[in-house]
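Working notes for the structure below.
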Amino acid sequence: MEYHLRLAGLHKRFGNTEVLRGVSLQVAKGEFITLLGASGCGKTTTIRLIAGLDLPDNGSIFLNGEDITDLPPEKRNVNTVFQNYALFPHMNVADNISYGLRIRKVPKAQRDARVEELLSLVQLEGSGHKKVSALSGGQKQRVAIARAVAASPEVLLLDEPLGALDLKLRREMQLELKRLQKTLGITFIYITHDQEEAINMSDRIAVMHDGLFEQIGTPDEIYYKPRTSYVANFVGSANVIRRNGKTYAVRAENVIFGDLCPGERAQVIEKSFAGGQLRILFKLPDGQMVTASRFGLNSAAEPGDEMQVGWKAEDAVEVLDNGV
Amino acid sequence: MASEDRKRAKKETGRKGRRESRIAFLLPIYAFTVVFIFLPLLYMVYLSFMTRAQVWGFVSTPTLDNYRRILEPVYANSFRVSLRLALLTTVINTLIGYPYGYFMAKLSDRGKKVMMFLIMIPFWTSGLVRINGWIIVFRSNGVLDSLLMGLGITNAPLKWLYSYPMVVFGMVYALLPFMILAVYSSVEKMDWTLIEASRDLGAGKWRSFVRVTFPLTVPGLLSGVILTFVPSMGLFFIAELLGGNKIVLVGNVIQQQLTKGRNLPFAAALSVVLMVMTSLLIALYRRIAPTKQLEGLF
């Protein structure tokens with residue numbers, strides 16, 4: 001099968017730092033794929049290579065089977081939504097959106113119609129004449145997206161596009177982006193460090209760590225069958241338990257506790273409330289820490305208490321240990 | 001209750017105190033501006049409407065003669081010559097200074113520092129001395145002639161000095177750093193992700209420059225234009241030293257009227273007209289400058 005976009009063994013070095021250490025990925029047409037990872041893991045570098053803003057030291061990039069590794073950015077049918085939006089401050093909203101069309105010498109009437117269409121697509125009807133500086137963060141975001149899709153690219157690269165927005169707006173924009181991607185049928189390569197966002201939006205997630213993909217899979221696979229301890233810990237912060245030379249991931253919501261449950265005697269260290277969930281930190285007899293989570297605020301466990309802590313055998317997933 | 005009142009009272013005196021200290025800080029600045037800039041200007045305007053005295057100074061008889069005299073061909077011509085020279089100087093400065101400032105801003109941090117240092121060196125000596133340095137180079141049988149004849153390129157001294165191109169050269173030489181620095185500072189501030197965005201959207205390097213970099217650095221270019229155009233109307237010593245008596249600028253006329261002519265009121269009137277002209281230019285700049293970025297400069 002020929003993939004829409006294929007990255008083959010990309011290497012990139014900046015000075016003495018090896019930012020990418022052999023990144024490979026196959027993306028199907030119309031797929032929403034998220035590069036998930038902590039800052040500095042190489043995700044931005046990966047999409048800059050796809051956009052042509054940087055060139056790889058090694059490896060190739062194929063679009064529709066054609067090698068585009070060395071093409072300049074203007075020759076690739078790939079557009080980017082930049083992290084800081086990068087809207088042109090000397091142009092109004094409509095001119096920003098139609099920039100790529102003007103470069104391609106699309107006639108004015110056609111351009112204007114397209115701008116109108118895009119403005120309504122991103123719900124900014126009637127804002128074409130506005131100055132970029134008069135827009136709010138969320139509006140700038142929408143303009144940046146409209147501008148990037150104006151010339152109908154085959155692949156859209158989005159570098160933490162929602163990073164600067166507040167939580168509520170981010171949730172709204174997540175849904176909107178997903179809707180937009182379905183409407184346009186464009187392949188999306190989306191960068192985020194927020195695992196919740198990745199799980200919400202993606203067809204597949206590529207978890208990136210230290211210049212490599214640790215695991216590529218559907219949100220379900222990543223969440224329930226983490227391949228490595230890093231993935232288990234980074235996506236949904238599962239407990240990583242080391243027993244008898246093997247390493248297991250146990251999700252916090254699967255940890256059971258109480259005086260009557262099977263398991264081992266553990267001490268409650270800390271109790272905290274985050275994201276609608278109560279999180280209780282236990283210390284096992286061998287010194288390892290385990291977090292359990294419960295919905296709601298009430299729990300009998302108080303710091304200093306001792307009780308039984310355990311999990312069902314099927315909830316412990318064996319993972320490769322990469323020391324995290 | 002009582003403590004709250006006290007708190008409020010304290011707050012109010014605090015606020016008042018702040019306002020007072022602000023005035024105390026600004027007062028010397030206002031005083032300086034009034035004493036050394038505003039009053040002399042006012043005096044000059046006043047002077048321009050007075051009658052010259054027989055030997056030196058003026059008598060307080062109001063007249064418009066000084067302004068009428070400016071319309072005489074000799075003097076009106078000096079304005080024309082000045083404007084033409086200033087325009088030519090500015091055009092050449094732009095052609096050299098824009099690319100120079102642009103590429104300087106794209107150097108490494110180290111390179112920028114070195115270039116900045118080199119540009120600043122000439123400012124450590126007086127402009128007069130530097131122009132005299134050029135005279136040593138360009139005069140008959142001077143450094144340049146000796147070099148050309150020594151290399152066998154020419155066999156007789158060439159007449160470089162006292163010509164219009166020589167004055168243009170001197171003006172460009174004296175004012176180019178201002179253009180370079182003005183362009184440099186605006187290119188330095190450029191957000192280069194905008195160029196990446198432009199190329200990402202399909203524009204090549206050159207088109208990205210024309211459509212994004214250039215429009216965003218026009219304010220810097222315009223302030224460079226002001227910084228070179230305005231002074232080149234008044235740099236009389238360059239015209240005098242490098243142009244002989246052939247090129248008479250407004251600055252030269254003013255200087256002559258002050259010294260040899262001993263006509264203070266007429267010199268004042270010429271200065272007022274020159275000042276009004278340059279002020280109009282700056283007003284025009286403020287109108288057409290596309291952004292407010294550099295407005296504070298003038």
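The values are calculated or read from the model by the stated rules, or taken from the named source; none is laboratory data. This structure is a prediction, so every number in the text was calculated from the model and none was measured. When we count neighbours, we look across all protein chains shown, and the Cβ atoms used for this are built from the backbone with ideal geometry, even at glycine.
Residue by residue, here is whether (1) among the basic types (Lys, Arg); (2) crowded, with 19+ Cβ neighbours inside 10 Å holds:
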residue	(1), (2)
A:His193	no, no
A:Asp203	no, no
A:Ser229	no, yes
A:Arg243	yes, no
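The residue that is farthest from A:Ser136 (Cα to Cα), counting only those in the range A:66-83 that are of a type in the set (S, T, N, Q) and touching an Asp or Glu at 6+ places or on another chain (Cβ under 8 Å), is A:Asn77.
Among the residues of the range A:1-21, those identified as in contact with a Phe, Trp or Tyr (Cβ under 9 Å, 6 or more places away or on another chain) and either part of a strand (DSSP E or B) or over 16 Å from A:Val155 (Cβ atoms) (or both) are A:Leu5, A:Arg6, A:Leu7, A:Ala8. If you take the residues of the range A:73-87 that are surrounded by fewer than 20 Cβ atoms within 10 Å (Cβ to Cβ) and within 7 Å of chain B (Cβ to nearest Cβ), which of them is modelled with the lowest pLDDT? Filtering first and then ranking leaves A:Asn84. Put simply, of A:Arg179, A:Arg142, A:Arg204, A:Arg114 the only residue that is closer than 23 Å to A:Asp220 by Cα and free of Cβ contacts under 8 Å to residues at least 60 places away in the same chain is A:Arg179. The set of residues from the range A:38-89 being in a helix (DSSP H, G or I), within 21 Å of the chain's Cα centre (by Cα) and in contact (Cβ under 8 Å) with a residue 12 or more places away in the chain comprises A:Lys43, A:Thr44, A:Thr45, A:Thr46, A:Ile47, A:Leu49, A:Ile50, A:Ala51. Inspection of the range B:129-145 finds a residue satisfying the criterion of being assigned to a helix (DSSP H, G or I), exposed (fewer than 14 other Cβ atoms within 10 Å of the Cβ) and under 20 Å from the mean Cα position of the chain (by Cα). The requirement of being more than 26 Å from the chain's Cα centre (by Cα) and either at pLDDT 95 or above or in a helix (DSSP H, G or I) (or both) is fulfilled nowhere in the range A:138-155; no residue meets it.
Name the residue that is farthest from A:Gly37 (Cα to Cα), counting only residues in the range A:257-283 that are of a type in the set (A, V, I, L, M) and buried (at least 17 other Cβ atoms within 10 Å of the Cβ). Filtering the range A:257-283 for residues that are of a type in the set (A, V, I, L, M) and buried (at least 17 other Cβ atoms within 10 Å of the Cβ), the one farthest from A:Gly37 (Cα to Cα) comes out as A:Ala266.
When the test is whether a residue is of a type outside the set (Gly, Ala, Ser) and over 19 Å from A:Leu5 (Cα atoms), A:Glu154 does not pass it.
Conditions (1) touching a residue at least 12 places away in the same chain (Cβ under 8 Å); (2) away from every other protein chain (no Cβ under 14 Å); (3) in contact with a strand residue (DSSP E or B) (Cβ under 8 Å, 6 or more places away or on another chain), marked per residue:
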| position | (1), (2), (3) |
| --- | --- |
| B:Ile195 | yes, no, no |
| B:Gly202 | no, no, no |
| B:Thr213 | yes, no, no |
| B:Ile226 | yes, yes, no |
| B:Val230 | yes, yes, no |
| B:Leu235 | yes, yes, no |
| B:Ile238 | yes, yes, no |
| B:Asn252 | yes, yes, no |
| B:Phe266 | yes, yes, yes |
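In the range B:151-179, the qualifying residues are those that are in contact (Cβ under 8 Å) with a residue 60 or more places away in the chain and of a type in the set (Ser, Thr, Tyr), and the one that is farthest from B:Leu95 (Cα to Cα) is B:Tyr162.
For the range A:109-137: of the residues being within 13 Å of chain B (Cβ to nearest Cβ) and in a helix (DSSP H, G or I), which is farthest from A:Phe62 (Cα to Cα)?
Looking at the filtered set, the residue picked out is A:Ser133.
For the criterion of being surrounded by 16 or more Cβ atoms within 10 Å (Cβ to Cβ), at negative phi and among the hydrophobic types (A, V, I, L, M, F, W, C), B:Phe214 fails. Select from the range B:1-46 the residues that are of a type in the set (Gly, Ala, Ser) and either at pLDDT below 90 or not in a helix (DSSP H, G or I) (or both) and list them in ascending order. Scanning the range B:1-46 gives B:Ala2, B:Ser3, B:Ala9, B:Gly14, B:Gly17, B:Ser21, B:Ala24.
Total residues in the range B:48-83 satisfying the condition of being acidic (Asp, Glu) and either modelled with pLDDT under 90 or in a loop (DSSP other than H, G, I, E, B) (or both): the figure is 1.
Mind listing whichever residues of the range A:90-99 are touching a residue at least 40 places away in the same chain (Cβ under 8 Å) and more than 29 Å from the chain's Cα centre (by Cα)?
Across the range A:90-99, the qualifying residues are A:Met91, A:Asn92.
Every residue in the range B:254-264 that is part of a helix (DSSP H, G or I) and either touching a strand residue (DSSP E or B) at 6+ places or on another chain (Cβ under 6 Å) or charged (D, E, K, R) (or both), please. Matches in the range B:254-264: B:Leu264 only. Remark: pairs (first residue in the range A:234-261, assigned to a helix (DSSP H, G or I); second residue of a type in the set (Asp, Glu); Cβ separation under 8 Å; 6+ apart in sequence or on different chains) = A:Asn254/A:Asp315.
So that you can scan it fast, the table gives a plain yes or no per residue for (1) among the polar types (S, T, N, Q); (2) surrounded by 14 or more Cβ atoms within 10 Å (Cβ to Cβ):
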position: A:Thr291; (1), (2): yes, yes
position: A:Phe295; (1), (2): no, no
position: A:Asp305; (1), (2): no, yes
position: A:Val309; (1), (2): no, yes
position: A:Asp315; (1), (2): no, yes
position: A:Asn322; (1), (2): yes, yes
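Tell me yes or no: at least one residue of the range A:89-108 is more than 22 Å from A:Arg142 (Cα to Cα), within 14 Å of another protein chain (Cβ to nearest Cβ), buried (at least 22 other Cβ atoms within 10 Å of the Cβ) and small (Gly, Ala, Ser). So far as the range A:89-108 goes, no, none of its residues is more than 22 Å from A:Arg142 (Cα to Cα), within 14 Å of another protein chain (Cβ to nearest Cβ), buried (at least 22 other Cβ atoms within 10 Å of the Cβ) and small (Gly, Ala, Ser). Summed over the range B:183-193, the residues that are within 10 Å of chain A (Cβ to nearest Cβ) and of a type in the set (A, V, I, L, M, F, W, C) give a count of 1. Put simply, of B:Gly234, B:Gly251 the only residue that is under 30 Å from B:Arg52 (Cα atoms) and either of a type in the set (D, E, K, R) or part of a helix (DSSP H, G or I) (or both) is B:Gly251.
Here's a check for you: in the range A:118-135, which residue that is farther than 15 Å from A:Glu176 by Cβ and of a type in the set (Gly, Ala, Ser) is surrounded by the most Cβ atoms within 10 Å (Cβ to Cβ)? Among those that are farther than 15 Å from A:Glu176 by Cβ and of a type in the set (Gly, Ala, Ser), it is A:Gly128.
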